[in-house]
Amino acid sequence: MSWDQFESLLPGLPGFFANHVLLSVGALGIGVALSLPLAALAIRYRRLSGPLLGLAGVIQTIPGLALLALMVPLLGRIGVAPALLALVLYSMLPVLRNTVTGALEVDPDVLEAARGIGMTDNQILLRVQLPLAAPMIVAGIRTAAVWTVGMATLSTPVGASSLGNLIFSGLQTQNTAAVLLGCASAAVLAVVLDSLIRLAEIATRRRDSRLAITSVVLLIAGVMLSAWPLVAKQMRPIDAPRVVVGAKTFTEQYILATLIAGRLREAGFAVETRDGLGSTVVFEALATGDIDVYVDYSGTIWANHMKRQDTPPADVVLREMADWLADERGIVSLGPLGFENAYALAMTSARAAELGITDIGDLAPASRSLDVGGDYEFFVRPEWIAVRDRYGLSFREERSFDSTFMYTAVAKGHVDVISAFSSDGRIAAFDLVILDDPLDAFPPYDAVLLLGASAAARDPVVKALRPLVGAIDDDAMRRANKAVDLDQRPIASAAADLARAILP
């Protein structure tokens, strides 16, 4: 890790920080605005308090990334909308709970005195219970603020830009500087936001309106200052047509997205990149027009989206896949890029030699005493289920890893077998062997360039990207992946080298 790595990340930091601030503060504001009336209703009608707090508690128990992912099919789109909705729901429990608890714990003698002077139930709620519970309510808002800022870093896989972009890309490319910068920035935001709300809490305890106004003014000023990079960007006149490039959550996808974005910028387009997207999310985003272009793999579309379990030759898969994409989803396959990034089972050469394993068939009898590792979606993919059932694999334990850490896990003996990617430069670097697949259980995984219907209808877009078709062979892609994963080169540098190697 060096200063140069930090320096290369700094130009993008203001934009990520601004998006994170707006997303977090917006979700918190909406969450508070919804929670207080619901809490008042639960206080006024006690029978509602249990179900309301129970529902909020159930939402809180859903893992943050899962809640975000659930919002995508619910809203039928990616980006800010599903992230904002998930964050709003996530922020509500502490505010609801503290408001209801604080109001119901007001001294009964105080409530009796209020009734004695003729106050109605609504007046007691608004003028006695909620004001007396105000410090506890603000404490709940502080908790919600910290939770929301932290969870907002998970919004990257659903297409909402945030500091999570730095964290996710840093994890995938083993760029410690990016991870530290993203985490540190999120921590600073959480501390500052918590301090400003604490100032409001102190003002509430002291009944100090001047201090309360100061805290609100500082909060508004901080949000406006943080958002300025986005405002300035919007104010700049952009005459160029816009294209949105998507990418999944691993090194190769970041490199290819950067390469594609570069080609489009050279052709005069204003390019926006949405990376770190989940496999299903990015595919649906292309179909709905939220993104215009990305690289996918024929085997993924064949098994996951077409639900095919047969494994015909690669040319048949490509042809039938292209027809299905056009007919069923309105997506155009511009063609294969020229390399294959196939799922494969891999072991260290020493472990494979020790057990006498050369192919997946040899692996089956020994699998009961072995552990297998895969990326976080591998063990639910239909390809794995087909391979497992066809060969009769039954491992002692299936362990899921971030794809970045799978190779270290098998190299250090934490698992015996992993689901490697055939174009990954770490296969050679970690002295791994790819196990042959004599039954052809894994489908072919040719990298294909996919365009949404709108982008495919724009001739300049097609003309800019057509030279990439068939231009990238396996060795070129492995070198680019290795440059980032092992040599710690910036993604932009690896993409530029790849462009120079494959394009005239």
Local net charge near Leu53, Cβ-Cβ under 14 Å (Lys/Arg +1, Asp/Glu -1): +3
- prompt: Charges only on Cβ, +1 for Lys and Arg, -1 for Asp and Glu: so what's the dipole of the chain about the Cα centre, in debye to the nearest 20?
  reply: 2280
- line: Percent relative contact order for the chain, counting Cα pairs under 8 Å at least six residues apart, stands at 15
- prompt: Taking a 28 Å limit on the Cα-Cα distance, which of the listed pairs Lys307/Lys463; Lys307/Lys482; Lys248/Lys482 fall beyond it?
  reply: Lys307/Lys463; Lys307/Lys482
field: Cα-based helix-to-principal-axis angle, 382-391 vs the chain, degrees rounded to 10
entry: 50
task: Any chance you could run the full-extension gain for Val58 through Leu36? It's 0.36 nm times the residue separation minus the Cα-Cα distance, nm to one decimal.
output: 6.1 nm
field: Principal-axis tilt of helix 474-485 within the chain, Cα atoms, nearest 10 degrees
entry: 40
query: Which listed residue (Gly164, Leu181, Val191) has the Cα farthest towards the positive end of the charge dipole for the range 87-208, taking +1 on Lys and Arg C-beta and -1 on Asp and Glu C-beta about the Cα centre?
result: Leu181
Within-11-Å neighbourhood charge of Lys248 [Cβ basis; K, R +1; D, E -1]: -4
- request: Quick one: order Ile472, Ile124 by neighbouring beta-carbon count within 10 Å, fewest to most.
  value: Ile124, Ile472
Degrees between helix 251-266 axis and first principal axis of the chain (Cα, 0 to 90, nearest 10): 90
message: Could you tell me which residue out of Met477, Ala285, Ser419 lies farthest along the dipole of the chain toward its positive end? Charges go on the beta carbon: Lys and Arg +1, Asp and Glu -1, centred on the Cα centre.
response: Ala285
field: Cα-projected label distance for Thr288 with Lys307, points at 7 Å along beta-carbon direction, nm
entry: 2.0
- request: Diagonalise the Cα gyration tensor of the chain and give the resulting equivalent ellipsoid semi-axes, square root of 5 times each eigenvalue, largest first, whole Å.
  value: 48, 27, 21
- line: Relative contact order in percent for the range 3-235 (Cα pairs under 8 Å, 6+ apart) equals 27
Partner aspartates and glutamates for Lys412 [C-alpha distance under 16 Å; skip if fewer than 8 residues away on the same chain]: Glu354, Asp371, Asp402, Asp431
- request: Please work out the C-alpha center-to-center distance from the range 299-337 to the range 25-58 and express it in whole Å.
  value: 47
task: Counting only trypsin sites (Lys or Arg not before Pro) that are in a DSSP loop and have at most 14 other C-beta atoms within 10 Å, tell me the longest site-free stretch of the chain.
output: 1-206
message: Just want to confirm a number: the relative contact order over the range 343-434, from Cα pairs under 8 angstrom separated by 6+ residues, in percent.
response: 45
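The numbers here are math on the coordinates, done by the rules we state, and not lab data. Every value quoted in this text rests on a predicted model; they were computed, and no experiment measured them. Glycine also receives a Cβ, built like all others from the backbone with ideal geometry; neighbour counts cover every protein chain displayed.
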